[in-house]
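In what follows, a structure is listed as structure tokens, so that the remarks can point back to it.
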Amino acid sequence: MIPLETFRVALRALLRNKMRSFLTVLGIIIGVGAVIAMVAIGEGAKAQVEASFASMGSNLLIVLPGSTQSSGARGGFGTMPTLTWDDLAAIRREAPAVRYAAVQLRSNAQLMSDDQNWATSVSGTSPEYFLIRSWKAARGRSLLDSDVDASAKVVVLGQTVVDKLYGAVDPIGQTVRIKNIPFEIVGVMEKKGQSPMGQDYDDCAFVPQSTFQSKIQGGLQKFISGTIFIGATSTDSTARAETQVTDLLRDRHHLDSAADDDFSIRNLTEMANAQADGMRTLTTLLASIAGVSLLVGGIGIMNIMLVSVTERTREIGVRMAVGATPLNILLQFLVEALTLAVAGGLVGVALGIFTAGRLAAKFGWPTLVRPDIVLISVCFSGLVGVVFGLYPARKASQLDPIDALRYE
Amino acid sequence: MPLIELDQVSKVYRMGDVEVHALREVSLTVEERDFVAVMGSSGSGKSTLMNIIGCLDRPTGGAYRLDGAEVSRLDRRQLAGVRNKTLGFVFQSFNLLSRTSALENVELPLLYGGVPARERHRRASEALGRVGLADRVHHRSNEMSGGQQQRVAVARALVTRPRLILADEPTGNLDSRTTVEIMVLFQELATAGITILLVTHEPDVAAYASRVLVMRDGRVRTDERQRARRAVDDLAATAPPDEEPPKGPPDDEPRKAPPADEPRKASA
């Protein structure tokens, strides 16, 4: 018998029992739908994490100064300034894997426009900082080297600060008072969104590092009272840059081999990879749980096919009497199972995509439907159909025609 | 050359420790175009004989040649081929596929015979026309009366142009008028050259055959030729229950003659 005919015979048999066919595939529909939706959620979360790390800066290392220690209580990294301006110059000069290095001196301060005020994080930095974080001005300009050299009283604002202080008014050229000192707004940075930890990148203001030291913070001149941001030459060289900077700083700080570092380096690329790994684990976990339901769906198909074989024993007998070979019967039931499973798989894909879309809309979860996962799910459900259809189909094909015809 | 040649065919079943001899060295030849009725009480071995001749079962001893070819050693796939090409079956309980049109039921053997769709369609329609159901082609089996269903089954049996039609109690579920209608069909087929083997326990039905075998305890007891009763004559003698009375019978007879009054109705 021609394959197409086998398919038509199977399809007709399935349509004769529409309700049962539907209930049979329900398991597969839910299974595939769950796989698609779960993977879409997992992949969406992973993509979001990757994007937020990318917005922090690519190939980024952050060097934090050492910790204070007073009567045994240690203050944690960044509490004691151990990094000097000379260290920064040395890093720029002597670490070949480092492309950019910039300081971020940071302080919280109250910003005042003519009629509003807002507390935010004010950073003193240099133009390289924006290169490391690949951050451009949306309006006006970013900081310039000339601003740093002249200790200019200029400020660049994040979008959130602009919203809070000026609303819809164009802030460029306006004067904002930071700690009561007037600064000219020269630019507004592009929107960056949230950090992986949910912090708003756009709630910030940047002034030249020299201005920051003289007007906002005061005090320390030799030491850097903040962190050093480092951009490595490439993603692959972040680990190398980390080693070079560590060696250089240990050498410059005269630490012997037994002593702990008096600074610490955060490798953002590695953190991003670790986070992405975590998300991948989550995705795999969700997909496995959903996969189990797909398996249960397959068992459902086998169950119903077995019932179907018993119920249609007479039909099988008649088909055999008029000349169906065991192979014809085997194929008929196998194709029935396969058709059910694949049809269920396709409906499940639709359901999964729909569910992912609804979740995205309702909870604001990022979702990402991957075409390869869709394809794999449909193929897998087909495989489930064949595997679980084989046993009932074999049972049908090995019936004795006489017994089958006499079956009540 | 005889169409059916059984040479000392035996069939032994094992039921636990007991051996049941369903057939004991039956030798039988049936010539082509013959119309043979096989009678016997239940357990006499007539169904086993039927199944072996119909290639649904294999003998445990002896030889069976169908149309000159030894078939008792064929495997399941080859037997299916023989059933498809050479044989046609009619069963007591019609055995049509439910919720399936008459046409599709009749097409079924052609489907397994690998006949292309267009020809399948043409031949199935033709076979349905031959059994008088040209206007019921698209009716589903469950929408038809018992007599109509059995006629569909006959059409299904003859659509492959078989050499032999095996009918197992084909009238067992039919009233006496439809019984005669079906027997008319069988006699027509026999005249057209198809050999018919009919299992029945009703002597009235066996009367339409030209040869009657009576079986008992797995053996053929009697094997007699007879002058077959003509089914068309019987059909003409009875008025169809809800159609125009045929020309011939006197007008004063009741239009709806109850079939139970007929003299042939001997057993239930």
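The values are calculated or read from the model by the stated rules, or taken from the named source; none is laboratory data. Quick caveat, the model's predicted, so the values are computed rather than measured. Every residue, glycine among them, receives a Cβ derived from its backbone with ideal geometry; neighbour counts consider all protein chains shown.
Quick one: is A:PHE354 out of contact with any Lys or Arg (no Cβ under 8 Å at 6 or more places or on another chain), over 17 Å from A:SER293 (Cα atoms), loosely packed, with under 15 Cβ neighbours inside 10 Å and modelled with pLDDT of 90 or more? Quick ask: steps written out before the conclusion?
Working: out of contact with any Lys or Arg (no Cβ under 8 Å at 6 or more places or on another chain): yes; over 17 Å from A:SER293 (Cα atoms): yes; loosely packed, with under 15 Cβ neighbours inside 10 Å: yes; modelled with pLDDT of 90 or more: yes.
Answer is yes for this residue.
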Check your understanding: (1) surrounded by fewer than 18 Cβ atoms within 10 Å (Cβ to Cβ); (2) within 14 Å of chain A (Cβ to nearest Cβ); (3) within 14 Å of B:GLU169 (Cα to Cα): which one isn't true of B:SER41, the others all being true?
Key -> (2)
Check your understanding: With (1) touching a helix residue (DSSP H, G or I) at 6+ places or on another chain (Cβ under 6 Å); (2) assigned to a loop (DSSP other than H, G, I, E, B) as the list, and B:GLN187 as the residue in question, which single condition is left unmet?
Key -> (2)
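Going by what's in this entry, would B:LEU103 be described as of a type outside the set (Gly, Ala, Ser), in contact (Cβ under 8 Å) with a residue 12 or more places away in the chain, in contact with a His (Cβ under 7 Å, 6 or more places away or on another chain) and buried (at least 16 other Cβ atoms within 10 Å of the Cβ)?
Details: of a type outside the set (Gly, Ala, Ser): yes; in contact (Cβ under 8 Å) with a residue 12 or more places away in the chain: yes; in contact with a His (Cβ under 7 Å, 6 or more places away or on another chain): yes; buried (at least 16 other Cβ atoms within 10 Å of the Cβ): yes.
For B:LEU103, the condition - of a type outside the set (Gly, Ala, Ser), in contact (Cβ under 8 Å) with a residue 12 or more places away in the chain, in contact with a His (Cβ under 7 Å, 6 or more places away or on another chain) and buried (at least 16 other Cβ atoms within 10 Å of the Cβ) - is met.
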Revision key, fill the gap. Within segment A:1-23, the residues that are more than 19 Å from A:LEU330 (Cβ to Cβ) and either away from chain B (no Cβ under 12 Å) or assigned to a helix (DSSP H, G or I) (or both) are A:LEU15, A:ARG16, A:LYS18, A:MET19, A:ARG20, A:SER21, A:PHE22, A:LEU23
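Answer yes or no as to whether A:ALA324 is assigned by TED's automatic domain parsing to the domain that holds A:MET279, crowded, with 16+ Cβ neighbours inside 10 Å, in contact with a helix residue (DSSP H, G or I) (Cβ under 8 Å, 6 or more places away or on another chain) and not in a helix (DSSP H, G or I).
On the way: assigned by TED's automatic domain parsing to the domain that holds A:MET279: yes; crowded, with 16+ Cβ neighbours inside 10 Å: yes; in contact with a helix residue (DSSP H, G or I) (Cβ under 8 Å, 6 or more places away or on another chain): yes; not in a helix (DSSP H, G or I): yes.
Against the criterion (assigned by TED's automatic domain parsing to the domain that holds A:MET279, crowded, with 16+ Cβ neighbours inside 10 Å, in contact with a helix residue (DSSP H, G or I) (Cβ under 8 Å, 6 or more places away or on another chain) and not in a helix (DSSP H, G or I)), A:ALA324 qualifies.
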**Study point:** Count of residues meeting criterion [farther than 28 Å from A:SER234 by Cβ and surrounded by fewer than 14 Cβ atoms within 10 Å (Cβ to Cβ)] in segment A:131-158
**Key:** 3
Practice item. Taking A:VAL49 as meeting all but one of (1) away from every other protein chain (no Cβ under 14 Å); (2) at pLDDT 85 or above, write down the number of the exception. Key: (2)
Exercise for review: Would you mind stating whether A:LEU331 is surrounded by 17 or more Cβ atoms within 10 Å (Cβ to Cβ), within 14 Å of chain B (Cβ to nearest Cβ), part of a helix (DSSP H, G or I) and not polar (S, T, N, Q)?
Suggested key: yes
Practice item. Please work out which one of (1) surrounded by fewer than 23 Cβ atoms within 10 Å (Cβ to Cβ); (2) in contact with a Lys or Arg (Cβ under 7 Å, 6 or more places away or on another chain) is the condition B:LEU23 fails and give its number. Key: (1)
Review point. Residues of segment A:54-79 being outside any loop (DSSP other than H, G, I, E, B) and modelled with pLDDT under 75, which ones?
Key: A:ALA54, A:SER55, A:MET56, A:GLN69, A:SER70, A:ALA73, A:ARG74
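Residues checked against (1) within 30 Å of A:ALA276 (Cα to Cα); (2) within 27 Å of the chain's Cα centre (by Cα); (3) hydrophobic (A, V, I, L, M, F, W, C):
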residue: A:GLN116; (1), (2), (3): no, no, no
residue: A:VAL154; (1), (2), (3): no, no, yes
residue: A:GLN159; (1), (2), (3): yes, yes, no
residue: A:ILE185; (1), (2), (3): no, no, yes
residue: A:ASP203; (1), (2), (3): yes, yes, no
Revision key, fill the gap. Among B:ARG76, B:ARG65, B:ARG83, the single one that is in contact (Cβ under 8 Å) with a residue 12 or more places away in the chain and closer than 15 Å to A:ALA321 by Cβ is B:ARG83
Review point. Has segment A:338-356 got at least one residue that is of a type in the set (Phe, Trp, Tyr), outside any helix (DSSP H, G or I), more than 14 Å from chain B (Cβ to nearest Cβ) and touching a Gly at 6+ places or on another chain (Cβ under 9 Å)?
Key: no
Exercise for review: Could you tell me whether any residue of segment A:107-116 is among the charged types (D, E, K, R), modelled with pLDDT of 90 or more and either crowded, with 19+ Cβ neighbours inside 10 Å or within 27 Å of A:ASN180 (Cβ to Cβ) (or both)?
Suggested key: no
Check your understanding: Regarding A:LEU143, is this residue over 30 Å from A:ALA45 (Cα atoms), in a helix (DSSP H, G or I) and hydrophobic (A, V, I, L, M, F, W, C)?
Key -> no
Check your understanding: Which one of the conditions (1) farther than 30 Å from A:LEU11 by Cβ; (2) in contact with a Lys or Arg (Cβ under 9 Å, 6 or more places away or on another chain); (3) of a type in the set (D, E, K, R) does B:GLU107 fail to meet, given that it meets all the rest?
Key -> (1)
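Can you report the number of residues in segment B:61-87 which are of a type outside the set (S, T, N, Q), within 8 Å of another protein chain (Cβ to nearest Cβ) and buried (at least 19 other Cβ atoms within 10 Å of the Cβ)? Talk me through it step by step, then tell me what you get.
Narrowing segment B:61-87 to residues of a type outside the set (S, T, N, Q): B:61-71, B:73-77, B:79-83, B:85, B:87.
Still in the running and within 8 Å of another protein chain (Cβ to nearest Cβ): B:76-77, B:80-81, B:83, B:85.
Still in the running and buried (at least 19 other Cβ atoms within 10 Å of the Cβ): B:80, B:83.
Qualifying residue count for the region: 2.
For segment A:53-60, check the following and say yes or no: at least one residue is among the hydroxyl-bearing types (Ser, Thr, Tyr), in contact (Cβ under 8 Å) with a residue 12 or more places away in the chain and more than 14 Å from chain B (Cβ to nearest Cβ).
Narrowing segment A:53-60 to residues among the hydroxyl-bearing types (Ser, Thr, Tyr): A:55, A:58.
Of the ones still in play, those that are also in contact (Cβ under 8 Å) with a residue 12 or more places away in the chain are A:55, A:58.
Narrowing further to those that are more than 14 Å from chain B (Cβ to nearest Cβ): A:55, A:58.
Checking segment A:53-60: at least one residue is among the hydroxyl-bearing types (Ser, Thr, Tyr), in contact (Cβ under 8 Å) with a residue 12 or more places away in the chain and more than 14 Å from chain B (Cβ to nearest Cβ).
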**Study point:** segment B:210-230 - residue that is outside any strand (DSSP E or B) and touching an Asp or Glu at 6+ places or on another chain (Cβ under 9 Å) and, of those, modelled with the highest pLDDT
**Key:** B:SER210
Point to revise | Matching residues in segment B:188-223 - criterion: being at positive phi and surrounded by 15 or more Cβ atoms within 10 Å (Cβ to Cβ) | key: B:GLY218
